[in-house]
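**Student:** Got a structure for you, written out below as structure tokens; questions coming shortly.
The values are calculated or read from the model by the stated rules, or taken from the named source; none is laboratory data. Please read these numbers as outputs of a predicted model, since none were measured by experiment. Heads up, the Cβs are rebuilt from the backbone with ideal geometry, glycines too, and the neighbour counts pull from every protein chain shown. With ligands, DNA and RNA removed, areas are computed over all heavy atoms of the protein, side chains included. Shrake-Rupley method; radii C 1.70, N 1.55, O 1.52, S 1.80 Å.
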Amino acid sequence: MTSAARVLQLLVERGETLAVAESLTGGLVAAELTSVPGASHSFRGSVTAYATPLKRDVLAVDGALLAAHGAVDPEVARQMATGVRRVLGADWGLSTTGVAGPEPQDGKPVGTVYIAVVGPDGAEKVDALRLNGDRADIRRESVRSVLELLSGELGENASAQDTEHNGGN
């Protein structure tokens, strides 16, 4: 089973939904999710905020943060995930932002990527990736990594819920 199929299965089992905010991946996360039959049961949609002003204007990323640190920043990734979750009315928000190359951006080297997941009950996680390879490799690995990040959060969250339902044992 692919990471996308696993994530979507977990979301359906939980009755929850997902929205994605993408920058460097340019829609590849959404494409991976929608390649799975039945994705519409839990995938709400995505925002490809490739241009920095869209991160501010559509996803409500703090403009001062963008001005001070640029778009390739862990807090930008977290705010993108929070923003897409709110804008698209989903239980979970995912985001990708980084430098796929061929040139550095905002003083960050090629292969610097931040991915984030924000969910219900305060669940959130941001990972910093340092990826090697060409532009396509970096984008592909970013997609795989963000889906694995969500899969892990859904699994951990499910374990916590199971424990609560079983009397805390």
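**Student:** Quick one: helix 3-14 against the long Cα principal axis of the chain, what's the angle to the nearest 10°, folded into 0 to 90?
**Tutor:** Once rounded, one gets 40 degrees.
**Student:** Normalised by the residues of the chain, what does the relative contact order come to in percent, with Cα pairs under 8 Å and at least six apart?
**Tutor:** In percent, rounded to a whole number, it is 22.
**Student:** Restricting things to alpha carbons, find the Rg to Rh ratio for the chain using the Kirkwood radius for Rh.
**Tutor:** Across the chain, the Cα-based Rg/Rh ratio is 0.98.
**Student:** Let me ask something additional. Highest first, please rank the peptides 98-106, 2-10 by the mean number of other Cβ atoms sitting within 10 Å of their residues.
**Tutor:** With the highest mean Cβ count within 10 Å placed first, the list reads 2-10, 98-106.
**Student:** What does the extension gain come out to for GLU148 and ARG14, with contour length at 0.36 nm per residue minus their alpha carbon separation?
**Tutor:** The span from GLU148 to ARG14 would gain 46.5 nm if fully extended.
**Student:** Rounding to the nearest 10 and keeping the result within 0 to 90°, find how far the Cα-based axis of helix 135-165 lies from the longest principal axis of the chain.
**Tutor:** 30 degrees
**Student:** Compute the acute angle (0 to 90°) between the alpha-carbon long axis of helix 74-88 and the principal axis of greatest extent of the alpha-carbon atoms of the chain; round to the nearest 10°.
**Tutor:** 60 degrees
**Student:** Given contacts defined as C-alpha pairs under 8 Å and at least six residues apart, what's the relative contact order of the stretch 78-146, whole-number percent?
**Tutor:** 30 percent
**Student:** Right, next: Return the carbon/sulfur percentage of the accessible area of the chain, one whole number, probe 1.4 Å, all protein chains in place.
**Tutor:** Its accessible area is 49 percent carbon and sulfur atoms.
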